[in-house]
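Reading through the structure tokens given below for one structure.
The values are calculated or read from the model by the stated rules, or taken from the named source; none is laboratory data. Since the structure is predicted, the reported quantities are computational estimates derived from the model, not experimental observations. Here Cβ is always computed from backbone atoms with ideal geometry, including for glycine, and neighbour counts include all displayed protein chains.
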Amino acid sequence: MDARRFAALAAAYGGDLRRWPEAERMAGAIFAPSEMGDAILSHAGKLDAQLDSYAVEAPGKALHGSILRAAGRHLAQRRRQLFWRMGLALAGIGLAGAVAGLALVTIVTPEVQPDHYVLDANATAFGDAGPDGDMIEEDL
Amino acid sequence: MSADPDEELVRRVGAGDPAAVQSLVARKLPRILALAVRMLGDAAEAEDVAQEAFVRIWRHASSWRRGNASFDTWVHRVTLNLCYDRLRRRREWVTDDVPDVADPAALPDAHPREDAQRVERALQGIAPRQREAIILVYYQEMSNIEAAATLQISVDALESLLSRGRRSLQVILARDGADG
């Protein structure tokens with residue numbers, strides 16, 4: 001790593017090599033003890049020290065509790081939605097079963113035969129023995 | 001792609017496990033709040049943002065799947081978007097012609113130490129994109145790759161934002177120090 005890249009990294013990531021890109025940390029650590037490296041890190045470290053002074057307070061109990069209460073409400077609402085969805089799904093499955101059953105009964109059940117048969121004068125055991133309509137037309 | 005340390009916890013939250021909900025809040029709330037406080041410079045607004053961020057987490061936990069980004073990256077993106085909504089609203093409320101440097105008097109007096117207040121003012125005085133980059137890498141301790149993914153920019157662009165941001169901070173802090 002040359003001084004230019006070292007300075008660019010310090011300008012971007014600061015004087016602490018732990019914040020530098022992982023791939024360049026080793027090369028940076030080799031350059032760091034040089035006179036130039038030390039000066040660059042020292043300069044970047046001044047801003048780091050100022051940035052470190054800006055600490056943020058930990059979240060208060062009120063905020064923590066409020067977020068957990070909102071989570072509880074959301075989970076309860078989700079459970080209700082799941083319950084209704086499951087109910088609708090079961091109802092759908094039941095309806096689909098009923099329709100399928102009806103369709104099956106319609107297809108499988110044989111056509112109902114009349115329990116009596118009206119014999120006319122031309123009917124025989126081999127079918128209708130009356131004059132053949134087609135032949136009559138041909139003869140004409 | 002390395003394993004996401006939050007993935008299992010998020011899956012449990014999505015399944016409605018109350019213990020997982022508590023663990024996730026304990027793990028993420030300090031990070032989300034710190035990010036929002038430093039982005040907005042206002043503790044009360046940051047708390048609102050944190051609450052809104054968690055509402056989004058609860059809403060998406062059951063369907064959240066790891067794509068290119070980790071859960072932490074996604075949470076940071078959500079929080080930053082919420083912060084931007086607030087910053088935009090502020091701009092609309094105050095004036096159409098906002099100065100680049102925020103008025104120090106308008107910022108809340110939440111930090112007792114003078115150094116911290118100076119840094120807070122300086123952070124509010126730089127461009128929001130530069131502020132985001134510095135907060136993610138410096139304060140949130142994200143790697144350059146994670147921060148670039150959160151900001152949806154290249155690592156080179158991130159480095160440029162960081163350099164310009166730190167330079168601007170040095171100028172503002174030097175001026176503020178000379179004035180004070």
Going through (1) more than 9 Å from chain B (Cβ to nearest Cβ); (2) within 19 Å of B:Ile134 (Cβ to Cβ) one by one, A:Leu88 fails only at (2)
Screening B:Leu24, B:Leu80 for residues that are touching a residue at least 60 places away in the same chain (Cβ under 8 Å) and of a type in the set (A, V, I, L, M) leaves only B:Leu80
Check your understanding: When you look at B:Arg65, is it among the basic types (Lys, Arg), out of contact with any Asp or Glu (no Cβ under 7 Å at 6 or more places or on another chain) and more than 9 Å from chain A (Cβ to nearest Cβ), yes or no?
Key -> yes
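Can you confirm whether A:Gly14 is at positive phi, crowded, with 18+ Cβ neighbours inside 10 Å and in contact (Cβ under 8 Å) with a residue 12 or more places away in the chain? Full working, then the answer.
On the way: at positive phi: yes; crowded, with 18+ Cβ neighbours inside 10 Å: yes; in contact (Cβ under 8 Å) with a residue 12 or more places away in the chain: yes.
When the stated conditions are applied, A:Gly14 passes them.
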Those residues of the stretch B:135-157 which are within 8 Å of another protein chain (Cβ to nearest Cβ) and crowded, with 20+ Cβ neighbours inside 10 Å amount to B:Val137, B:Tyr138, B:Asn144
A:Lys61 fails exactly one of (1) surrounded by 10 or more Cβ atoms within 10 Å (Cβ to Cβ); (2) at pLDDT 85 or above; (3) within 30 Å of B:Arg31 (Cβ to Cβ); (4) not acidic (Asp, Glu), namely (1)
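Answer yes if at least one residue in the stretch A:76-96 is under 30 Å from B:Ala46 (Cβ atoms), of a type outside the set (S, T, N, Q), part of a helix (DSSP H, G or I) and modelled with pLDDT of 80 or more, and no otherwise.
Filtering the stretch A:76-96 for residues under 30 Å from B:Ala46 (Cβ atoms) gives A:76-78.
Cutting the leftovers down to of a type outside the set (S, T, N, Q) gives us A:76, A:78.
From what's left, part of a helix (DSSP H, G or I): A:76, A:78.
Filter once more, keeping what is modelled with pLDDT of 80 or more: A:76.
Yes, the stretch A:76-96 has at least one match.
With the condition being within 16 Å of the chain's Cα centre (by Cα) and under 28 Å from A:Gln81 (Cα atoms), I'd like the helices (runs of 4 or more DSSP H) fully within the stretch B:3-69 carrying at least 1 qualifying residues.
On the way: elements: B:7-14, B:18-40, B:43-60.
Hits in the stretch B:3-69: B:18-40, B:43-60.
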Those residues of the stretch B:38-68 which are free of Cβ contacts under 8 Å to residues at least 12 places away in the same chain and of a type in the set (A, V, I, L, M) amount to B:Val55
